[in-house]
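Here the structure is laid out as structure tokens; the discussion comes afterwards.
The values are calculated or read from the model by the stated rules, or taken from the named source; none is laboratory data. Predicted model only: the values in this text are computed from it and were never measured. With ideal geometry, Cβ positions are generated from the backbone for all residues, glycine too; neighbour counts draw on all protein chains shown. Keep in mind that these areas ignore ligands, DNA and RNA; they rest on the heavy atoms of the full protein, side chains included. Shrake-Rupley method; radii C 1.70, N 1.55, O 1.52, S 1.80 Å.
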Amino acid sequence: MNRNALPLEAKISVRRALLAHYDAHKRDLPWRGESDPYRILVSEVMLQQTRVETVLSYYGAWLGRFPDLETLAAADEDEVLQAWEGLGYYRRARNLHRTAQVVRERPARTLPSTYAELRELPGLGEYTAGAVASIAFGETVAAPDGNVRRVLARLFDEPDPKPAWTRATASGLVDPARPGDWNQALMELGATVCTPRSPRCGGCPVVPWCASHAGGTQEDRPAPARRSAPRRVLFALAVLHCAGRVLLVRRPPEGLLGGMWAFPEAEVADAAASESAARAMLLTTHRALCDAPERLSTREHRFTHLHATYYPYLFHVEVEGSLAFDADELAWVDLATPGGVALPVAQRRILESAREHLVGSAV
Ligand code: SF4
């Protein structure tokens, strides 16, 4: 059997059945029925690797702050990262910002309307460009995300759906009359019915054509990927405190948490090495020594491929500034109101624990 194609008649029936199901059962989400390409782009970028429930609490606020590409392009990167704070995968925010700036230089100052041109924009991969091209501009192009990959693997009983297979299969199924709705319907099916575990085949509109349901293999499709365990990394953090303010430094633009603000940190081999590493940072930033820094609570944070443990140490310094960082790389922020800087979740918790510690010590 050809594992990625249906006879034309079956294909038409599958499209009809899935779109009818989508029309009747689609979730009421703020970006449904949206026609503004920028708003569609924002929703699709936010939805990458992020749950709908999480995106719901950011989408409206983002559009309130950056209602159009012009406003986003003119914004400061710190403001952009701050609006994204807590959503994770901060590269997405920086790419959206860059995209707005690229579009500002285009003669029409609008998003391009074809898949091929959208792919040229920063961070717009196959999925996002396909989603925007089909939903906003009606182009007959697929948007193969993880949900689509799973649904297709089951529909065609494909144990190992490689990217080329998923792309070809998804492209062959797009309904030319309603490409945007089709892509959303497929994603919606994967999110609500054909879920990773325990797919609800009894309520599935495409069950008559589903090869894995017929063969009873739906729980095994696609075969689970072998994932390597996240790498464990340990960091010593120096929380330098001066009269109610703490020192933050900007992380390099590329790499983990690029462009975000954080406490000075150093990777260490084990917990026992963390205090001396933190003291070494104090020596570097202030040419100062400290025999007994105050230890704040250890924090754990999981990234996709990384499990980070932070050992923060609180030091009191007499003066602000730093001998180790240039002015545009550092910020002394008020512990009580650290506005204006985008902080990763773990660092914000450490900042809060430093504040609580100082308030507690003052009592
Ligand atoms: S019949 Fe079951 S396995 Fe097949 S697509 Fe529908 S929910 Fe998924």
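Worth a mention:
- Per-residue ellipticity at 222 nm from helix content only, as computed over the chain with -39500 (n - 2.57) for each DSSP H run of at least four residues, stands at -13500 deg cm²/dmol.
- Largest to smallest principal axis extent of the C-alpha atoms in the range 1-120, angstrom: 53, 34, 26
- Percent of Cα pairs exceeding the 20 Å cut-off, where the set is the range 105-239: 53
- Electrostatic tally near Arg232: other residues with Cβ closer than 13 Å to its Cβ, Lys and Arg +1, Asp and Glu -1, net -1.
- Coordinate range along principal axes, alpha carbons of the range 8-220, Å, largest first: 54, 33, 31
- Accessible-area composition of the range 8-220, carbon plus sulfur, in percent [1.4 Å probe]: 50
- Alpha carbon centroid spacing (whole Å) that separates the range 1-58 from the range 176-240: 13
- Using C-alpha pairs under 8 Å with a sequence gap of at least 6, the mean separation divided by the residue count of the chain gives a relative contact order of 16 percent.
- Each Lys or Arg adds one and each Asp or Glu subtracts one; over the other residues with Cβ under 11 Å from the Cβ of Leu330, this totals -3.
- The accessible surface of the range 231-362, taken with every protein chain in place and a 1.4 Å probe, is 53 percent carbon and sulfur.
- Solvent exposure of the chain as accessible area per residue, Å², 1.4 Å probe: 48
- Seen from all directions on average, the chain presents a Cα convex hull projection of 21.3 nm².
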